[in-house]
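Colleague: Below you will find the structure I want to go over with you.
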Amino acid sequence: MNFDEFLKLTSKVKNIQLPAESSHFKMVPPFRRALMEKQKEAIKKAKRAGVLALFYPDKNDQTKLVLILRKTYKGVHSAQVAFPGGKLERQDVSLEAAALREAFEEVGVPVETVEVIRELSQVYIPPSNFYVQPFLGITKTTPSFIKQDDEVETIIEIDLQHFLDDSVLINKQVSTSYSVEVPAFKLNGHVVWGATAMMLSEIKDLLKEHT
């Protein structure tokens, strides 16, 4: 999709009601739905984080979305695909500020070049006890990405039309503390599941409603 067309699309989704759980549920295994009601108490004590779903034009003026592949480390989100972003720090005046700061640190996009279009629906991540606020944002220039080497393995640039194609939806067997089959996206050869897939599902539904 041409980036000018995408900008017109974002103007349509600024103030509409978010699909929230109806989108999130498409990307969770059945047992997770039953747990979500029980998680309301845990959310009250959860750590907070902000992430940025950043869209931008490539050199051919086609719309792209940036994701990152995290480094392999001793942690619950090791080697997973995610949005740029991270936890709320003392210096952050808001979750939006945290998302923008972390996006600059992880992929090198200057804060002042990003326009935040709107908040998306929050997602609770039980394994790490984070309640994550995603933001939909744009930058009108083609970024010169700079990878944060100690946290980011790879920067993944996703073509918007590829993302919106239903053929990228798959089921994947994953191993956490146990093995389970989950709905996922397969984007640029990377399997995206869990909280990131839930957020992507809401973005996809928002955009497809107006395309």
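Colleague: Over the chain, with every protein chain in place, what whole percent of the accessible area is carbon and sulfur at 1.4 Å, could you tell me? Could the numbers behind the result be given before it?
Modeller: Details: 5280 of 10650 Å².
Exposed carbon and sulfur together represent 50 percent of the surface.
Colleague: Per residue, how many Å² of accessible area does the chain show with a 1.4 Å probe?
Modeller: Numbers: 10650 Å² over 211 residues.
Value returned for the chain: 50 Å² of accessible area per residue.
Colleague: Under 8 Å for C-alpha pairs, at least 6 residues apart: give me the relative contact order for the stretch 1-72, rounded to a whole percent.
Modeller: On the way: 28 pairs, mean separation 30.4, N = 72.
That works out to 42 percent.
Colleague: Do the sum for the chain: with -39,500 (n - 2.57) for every DSSP H run of n ≥ 4, divided by all residues, what is the mean residue ellipticity at 222 nm, to the nearest 500 deg cm²/dmol?
Modeller: Numbers: 7 runs with 62 residues, N = 211.
Only helices count here, giving -8000 deg cm²/dmol.
Colleague: May I ask you to derive the FRET efficiency for S144 and D4 from their Cβ-Cβ distance with R0 = 30 Å, giving the value to the nearest 0.05? Mind showing how you got there, number by number?
Modeller: Details: r = 21 Å, r/R0 = 0.71.
Rounded to the nearest 0.05, the efficiency is 0.90.
Colleague: Given Cα pairs under 8 Å that are at least 6 residues apart, what percent is the relative contact order of the chain?
Modeller: Numbers: 406 pairs, mean separation 58.9, N = 211.
Relative contact order here is 28 percent.
Colleague: Given H placed 1.01 Å from N in the peptide plane, which residues other than close sequence neighbours of T154 have an amide H under 5 Å from its amide H?
Modeller: Here the answer is L69, since their amide H atoms fall under 5 Å of that of T154.
The values are calculated or read from the model by the stated rules, or taken from the named source; none is laboratory data. As the structure is a computational prediction, the values presented were derived from the model and not from experiment. When we count neighbours, we look across all protein chains shown, and the Cβ atoms used for this are built from the backbone with ideal geometry, even at glycine. Just so you know, the surface numbers come from the protein's heavy atoms only, side chains and all, with ligands and any DNA or RNA stripped out. Shrake-Rupley method; radii C 1.70, N 1.55, O 1.52, S 1.80 Å.
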